[in-house]
Amino acid sequence: MSKPDAVDLIVRNGTVVTPEGRQEAAICIRKGRVSGICANSETPPARKVINARNLHVLPGLIDDHVHFRDPGMTYKEDFETGSRSAAAGGVTSIIDMPNGTDPPLLTPKHLRQKIANARGRSYVDFGFLAAVVPGNFDDIETLVAGGVLGLKVFMAETVGAIEVMDDGVMLEAFKHVAQTGRRLVVHAENDEIVQHLRKKLQSTRRQGIGAHLESRPVVSEVEAIYRAILYAETTGARLHVFHISSQEGAMLIGQGKARGLDVTGETCPHYVLLTSAHLRRMGNVTRMNPPVRGGDHPQGLWAALVEDTLDVIGTDHSPHVRQEKLQKSIWETMPGWTGVETTNALFLTEVNKGRMSLEQFVKLRSRNPARVFDLYPRKGCIQIGSDGDLTLVDMKKRGTVRGRKLHSRSTVTPFEGWKLQGIPVATIVRGNVVMRDGEVLGTPVGQFLKPVL
Ligand code: DOR
Ligand code: ZN
């Protein structure tokens, strides 16, 4: 137990939860960092005190997968609205994607523009991934020196139209990224299968969600994950597979780990919470790449999260405006939806049902994403010297998902009307309270995040 002299903020009387367990303690924050973890009876004087009685105090929750659409697609979202939505949902750091913006993040110049653009407009800390395409291998080193948290390879067509590489070029890309030591992230679907089936189905009269699902079958994901793991093993790249939608895909991550590879995987709320019945009821709104599959997948993926086969819950926050989501034809419906604000509460609700411990939730939403993207121990833990990022949650508080009440510019969510119990009630970024009781506060204090290793 350490006890500093004068601090900026104390969060006291709460139950502090880490992956290892929970304890009653006060957290002291000074100059943006955790300066003490002490008994509630031993707290030093502080400029500000938050009484967290009856609340759980979690290390700041991290979303490793958001598309804030800025620059170029800001009618869907921008850094201010996206980061407000994050803060409102109890997220203290986000990792923004290189695609779904105009231009996509491919060069050091784009990176500088993205950083300048987000500074002073983000309510939460932010890091970036750059995309790898055949034409930018020479930029990889400079992008890494500039602080990207990882490099993303697109194995199949999706929103944002990043060029898909053939296998020879892709293997070369893995080699280049492996040399930098940074994380290589993949959108894992087989492009040839997906394109072939999409064209075939588009020539029929089918316009429903079933056709979308059929156009991106499990085999296209599993084949791509398998290939990515093989290339990672061959080149020594550290691999992270985004948005795993099938239980077979999760199994491959488990097998890679068992072989001693540095292979990690993410899944998202929709793949584990939406069932076949939801798909039938909501139809085209649920279009997403990879597709939400229903069947046995939600259960299998949930088991993979609880058993540490998968490492991270990300949101794949993919905002689109209302009319882009509400189309009659599946082929005209934009895939994806807003998620950064709803995800923590959705999972806390499952924690309350006993489906996952709060400790495991903290691992999947804070410690693991920090480790995967080399932000640990600056982020992802509550230790002396780590950033003063905390998410306070009220496990008794109830609510309902209402798309139109979200801070995101995008208001269509497949979780519309879902009942919640377990809601973030304060978001603290380096000692700054950026959300209290659902209200986003103060000025945008978010900083650019580079890897700490
Ligand atoms: O459905 C999707 N939408 N999947 C992605 O991978 C990208 C996203 C978007 O940016 O809209
Ligand atoms: Zn995505």
Report task. For residues that are over 13 Å from LEU61 (Cα atoms), open to solvent by less than 10 Å² (accessible area, probe 1.4 Å) and of a type outside the set (Asp, Glu), tally how many sit in region 357-380. Result -> 2
Report task. Hey, can you tell me all the residues within region 129-167 that are away from ligand 1 (no atom under 15 Å from the Cβ) and in a strand (DSSP E or B)? Result -> ALA130, GLY150, LEU151
Report task. From the list GLY399, GLY403, GLY380, GLY385, pick out the single residue that is more than 20 Å from GLY265 (Cα to Cα), touching a Pro at 6+ places or on another chain (Cβ under 9 Å) and not acidic (Asp, Glu). Result -> GLY385
Report task. For residues that are outside any helix (DSSP H, G or I) and aliphatic (A, V, I, L, M), scanning just region 313-363, find the one that is nearest to ligand 1 (Cβ to nearest atom). Result -> MET334
Query - Positions within region 282-336 being surrounded by fewer than 17 Cβ atoms within 10 Å (Cβ to Cβ) and either closer than 27 Å to LEU61 by Cα or touching a Phe, Trp or Tyr at 6+ places or on another chain (Cβ under 6 Å) (or both), in sequence order - result: GLN299, ALA303, VAL306, GLU307, ASP308, VAL321
Query raised in the report: If VAL218 passes every condition in (1) more than 15 Å from ligand 1 (Cβ to nearest atom); (2) buried (at least 20 other Cβ atoms within 10 Å of the Cβ); (3) among the hydrophobic types (A, V, I, L, M, F, W, C); (4) under 20 Å from CYS268 (Cβ atoms) but one, which one does it miss?
Result: (2)
Query raised in the report: Does at least one position in region 101-109 carry a residue that is surrounded by fewer than 24 Cβ atoms within 10 Å (Cβ to Cβ) and among the basic types (Lys, Arg)?
Result: yes
Report summary line: Picked from region 168-214 (must be assigned to a loop (DSSP other than H, G, I, E, B) and open to solvent by less than 80 Å² (accessible area, probe 1.4 Å)), the residue farthest from LEU105 (Cα to Cα) is THR204
**Report entry** Residue that is within 17 Å of ASP191 (Cβ to Cβ) and at pLDDT 95 or above, where the choices are LEU252, LEU230, LEU213
**Finding:** LEU230
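The values are calculated or read from the model by the stated rules, or taken from the named source; none is laboratory data. None of the values given here were measured: they were computed from a predicted structure. Glycine gets a Cβ as well: all are built from the backbone with ideal geometry, and neighbour counts include every protein chain shown. Accessible surface areas use protein heavy atoms only, side chains included; no ligands, DNA or RNA. Shrake-Rupley method; radii C 1.70, N 1.55, O 1.52, S 1.80 Å.
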